[in-house]
Every structure is written in C-alpha cells, then in structure tokens.
Amino acid sequence: MNNTIPIWEKQLLTIDEAALYTNIGQNRISELLKKPSCSFVIYIGRKKLVKRKEFEKYLSENIELD
C-alpha cells in the first residue's frame with residue numbers, strides 16, 4: 001500500500017519538493033529561505049522546510065524573485 005501524500009496536499013515541503021512543485025531551482029529557494037524577512041520558512045532543528053501555502057502566496061504576490 002502506497003501511503004505517499006501528494007505535494008499539493010502537504011503543509012510543509014522540503015527544498016527538493018518545493019523546487020519540483022514550483023519549477024524554481026533548489027539553490028534559488030535556499031537563498032530565499034536564508035533571508036531574515038522570509039515568512040515561509042520553518043526550522044526543525046537544523047532542517048529548513050517550506051510552508052507551502054505561505055510560499056504560494058509569496059509567489060502570487062511577486063513578479064520577480066529578489
């Protein structure tokens with residue numbers, strides 16, 4: 001039995017999953033997560049995860065990724 005949850009149903013994404021989901025490179029997403037003003041990062045220990053809904057909102061409100 002396959003218990004995999006589709007990416008679009010997950011609340012938190014790894015950098016790899018976020019890259020697959022948005023077609024944005026892993027390095028670019030990592031750079032965005034490092035910014036102090038980043039609202040869509042969550043730290044679990046040393047691991048960084050992407051809050052999917054907040055990331056989607058960020059992408060819909062911006063026309064360029066700084």
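Since every read-out is calculated from the coordinates, none of them should be taken as a lab result. These numbers come from a predicted model, not from an experiment. Positions of Cβ are backbone-derived with ideal geometry, glycine not excepted, and every protein chain shown enters the neighbour counts.
Taking the range 1-20 only, how many residues are part of a helix (DSSP H, G or I), among the β-branched types (Val, Ile, Thr) and within 10 Å of the chain's Cα centre (by Cα)?
Just the residues of the range 1-20 that are part of a helix (DSSP H, G or I), to begin with: 7-9, 15-20.
Going one step further and asking which of them are among the β-branched types (Val, Ile, Thr), we end up with 7, 15.
After this cut, where a residue has to be within 10 Å of the chain's Cα centre (by Cα) as well, the list is 15.
Counting residues in the range 1-20 that are part of a helix (DSSP H, G or I), among the β-branched types (Val, Ile, Thr) and within 10 Å of the chain's Cα centre (by Cα) gives 1.
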Original post:
Under the condition of being of a type in the set (Ser, Thr, Tyr) and surrounded by fewer than 10 Cβ atoms within 10 Å (Cβ to Cβ), which residue from the range 21-45 is nearest to the chain's Cα centre (by Cα)?
Top reply: TYR43
Subject >> Every residue from the range 29-48 that is out of contact with any helix residue (DSSP H, G or I) (no Cβ under 8 Å at 6 or more places or on another chain) and either of a type in the set (Phe, Trp, Tyr) or assigned to a strand (DSSP E or B) (or both) >> reply: ILE42, TYR43, ILE44, LYS47
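Taking LYS48, is it out of contact with any Lys or Arg (no Cβ under 6 Å at 6 or more places or on another chain), surrounded by 13 or more Cβ atoms within 10 Å (Cβ to Cβ) and basic (Lys, Arg)? First the steps, then the outcome.
On the way: out of contact with any Lys or Arg (no Cβ under 6 Å at 6 or more places or on another chain): yes; surrounded by 13 or more Cβ atoms within 10 Å (Cβ to Cβ): yes; basic (Lys, Arg): yes.
When the stated conditions are applied, LYS48 passes them.
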